[in-house]
Every structure is written in C-alpha cells, then in structure tokens.
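The values are calculated or read from the model by the stated rules, or taken from the named source; none is laboratory data. Because the structure is a prediction, the values reported are computed rather than measured. Here Cβ is always computed from backbone atoms with ideal geometry, including for glycine, and neighbour counts include all displayed protein chains. Each accessible area value is taken on the protein alone, full model and side chains, heavy atoms only, with ligands, DNA and RNA left out. Shrake-Rupley method; radii C 1.70, N 1.55, O 1.52, S 1.80 Å.
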Amino acid sequence: MIIGVKRDEEVIVPTLTFIAPVNTIKYLGAEPIFMDADEFCNIDANKTVEFIESETEFKNNNSYNKKTGKVIRAILPVHVFGNAVDLERLQNVCAERNIAIVEDASESLGTLYSKGKLKGKHTGLIGHMGCISFNGNKILTSGGGGMIISNDQESSEKAAYLTKQAKDDPVNFIHNEIGYNLRLSNIHAALGLAQMENIKRALKIKKKINNFYKENLKLTDGLTLMNSPGYAENNNWLSVLRVEEKLYGESSASLISKLRNESIEVRPIWKLNHLQKPYLNNQTYKIDKAKELVSNSVCLPSSISLTTEQLEKIIKVING
Ligand SMILES: Cc1ncc(COP(=O)(O)O)c(C=O)c1O
C-alpha cells in the first residue's frame, strides 16, 4: 500500500514461506507470482533475476509481465528461518526495472549481512520497507502485532499515517484517505520493549541450541542441518534438519512421526503456497528446489525455553 501496489498489479513472492506475506498481496487486489527457493529456503535470487530479465518487458518506467500484461510493482522476499535473502543479487535489477523491494524480516530479527556490499546491514532495512512480526513464536514477542521499518522518511511517515486511520487533523477529525487501525496497543508495545532488552540473551540461547544440535546429532551425508549462506550470520531462529531418505534409510515424514510419538513437537516446512487452494491458478516460475526442501526437511524444536533434558531427549530419539 505504502509503495503503491495497486489492484491488478503483480508482486513476486517465494512459494516457500508462511502464507501471511502472500495474503497481503491479495488484500490489495494484486496477484502473487510464485518463485522457487534456493538451498537456504529463501527466494531463489538467480531465478528471480532470470525471470525479470526474460519474462518481463520494461516500458514507461514499469516492468510488464509478458504473460499477463500486468505491471510487476514489487518483490516480497522473506528471510526464511533467519537466513538472509541474497538481496545484493536482486538490488540492481529491481532498481533498473522499477520493482520495489519489501522485505519480510519476521523470522530474521538479529540476522546480519557479513560480506559483500550489504556487510554490516540488518535484514529488513535494505529494501524500501521491511516488516517484523512480534508473534508469540518469534525471537522478540509482544504477544501479537509487529513493526514496519524503513530508512525512507516519506514511507515511514505514510505508514504511521495509514496505520492511525489517516487522521489529517486530530482536532477536527479530518481524514483525506482511507486509513486503518493497525497500531500496536500500548500494553503490547510495553511487553515488546521489555523483551527488546533481552534480545541479545535470546539470540545467544538460539545459537547455543543450534550448536547443541550440531555437536550432538550423528550427522552424516543423509542427515544434515540446514546451512546458512556465507554472506550473512543467521539468527538461529529455527534449526532445520535435512533428511536424504536414500542415504539415511528413513524418510523425513517417518522421522517426524517417530519424534511426535515421543511428544516432541517437530513439523515439516509449510505446504508450498502455489499449492494452497486460493493460489492454485497463480503464475509460478521453475519451482523444483522448494518441493525438495519441503519433502526432506524437519523443523526441530528451537524455543529458548527448551531445557537441556528436553534437548537430550530429542538427540536420543533421533540418534536412536
Ligand atoms: C515469514 C512470516 N511472515 C509473517 C508472519 C505473520 O506475522 P504475524 O503473525 O505477526 O502477522 C509470520 C509468522 O507469524 C512469518 O513467519
């Protein structure tokens, strides 16, 4: 809305993500175009660039989808499981083609680029706007709600205006646009601020959990932990196991059942969004890696409240 996505325009989005960012595109009357994932569960930057260069036409300062004739207004990369998207690869082509970047950094609070042009930058502050969720399962929670962040003053002011019912005059109640009541309540904000003081501790515990898995699981070619890209430090929000059935001798689904039978809360990655009922007719681009990731990944318990006994039990069940 703030960057001007309009009805009947299009937005490129990864198929492998929680459905929330995809739904925001539909709320605006626009349509998602689903992109494949890379090996880190993020939108495949190379395929995205290939799609923009070969499947769109640039005219009148807009990128038109050759297939639908519609304007592609934005791309919505999601930093999945705390892994930073290869935004450096996307930045130039998006700037040249007037495609805005809106980052979903809900799962990547604390993730930092460590190499290349983006070195020292946090996810969420590279594109035009970023979104962070403070939902209960996130590194920092306010019990609900989230935050929009941006380095662009105009966009920040527009966000503040629209989320407060677009009130142009607070005395005479003049509203020149349709606004929304999307503020975090004071109580939720207070909870979030208190948690903010704890963020370094939370990130440390997340790292410890990931290291515990790395050091104690009997990892082989058939059983590995999901890697992070070399250009960024992951916040370790969620540890993910990769199971190669042929080498491991058991499928990820069977391992999930075994763990759940022991009351250990594990789950597969989300069902891909291009396969969800509301999105069956949307355009997709060369989706294959995302399917493989869904079929062989197991999301491991990663909450900072996990005890050593609980972690040891998980290791014992997996190691057998
Ligand atoms: C990537 C991603 N985007 C968006 C959301 C939704 O955030 P919220 O529940 O705060 O609306 C979540 C999870 O909750 C998420 O994991």
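Structure data summary
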{"item": "Distant alpha-carbon pairs in region 10-196 (separation over 31 angstrom), percent", "result": "20"}
{"item": "Residues residue 20 and residue 167, FRET efficiency given R0 of 35 Å [Cβ-Cβ distance, rounded to 0.05]", "result": "0.85"}
{"item": "Beta bridges by DSSP in the chain, antiparallel share as percent, to the nearest 5", "result": "60"}
{"item": "Measure of compaction for region 178-304 (Cα Rg per 2.2 N^0.38 Å)", "result": "1.34"}
{"item": "Region 199-319, accessible surface, carbon-and-sulfur percent (1.4 angstrom probe)", "result": "48"}
{"item": "Cα→Cβ-extended label distance, 7 Å offset, between residue 214 and residue 258, nm", "result": "2.4"}
{"item": "Dipole magnitude (debye, nearest 20) for region 199-319, charges at Cβ of Lys, Arg, Asp, Glu", "result": "400"}
{"item": "DSSP-defined antiparallel bridges as percent of all bridges, region 1-134, nearest 5", "result": "35"}
{"item": "Leading residue at positive end of dipole, region 111-248 (Cβ point charges), from 229, 124, 181", "result": "229"}
{"item": "Order by protection proxy (mean Cβ within 10 Å, highest first), peptides 283-294, 75-86", "result": "75-86, 283-294"}
{"item": "Net dipole in debye of the chain [+1 Lys, Arg Cβ; -1 Asp, Glu Cβ; about Cα centre; nearest 20]", "result": "540"}
{"item": "Protection proxy ranking of 6-14, 247-255 - average other beta-carbon atoms within 10 Å, highest first", "result": "6-14, 247-255"}
{"item": "Region 42-85, accessible surface, carbon-and-sulfur percent (1.4 angstrom probe)", "result": "41"}
{"item": "Whole-Å distance, taken between Cα centres, linking region 21-97 and region 158-207", "result": "27"}
{"item": "Estimated Rh, region 73-115: Kirkwood, alpha-carbon pairs, angstrom", "result": "11.0"}
{"item": "Nearest-20 debye value, region 143-203 charge dipole, Cβ charges on Lys, Arg, Asp, Glu", "result": "360"}
{"item": "Region 10-196: relative contact order in percent, alpha carbon pairs under 8 Å with at least 6 residues between", "result": "13"}
{"item": "Of every Cα-Cα pair in the chain, the percent that sits beyond 33 Å", "result": "29"}
{"item": "Accessible area per residue, Å², the chain with all protein chains present, probe 1.4 Å", "result": "51"}
{"item": "Whole-number Å³ per residue for the convex hull built on Cα positions in region 21-110", "result": "95"}
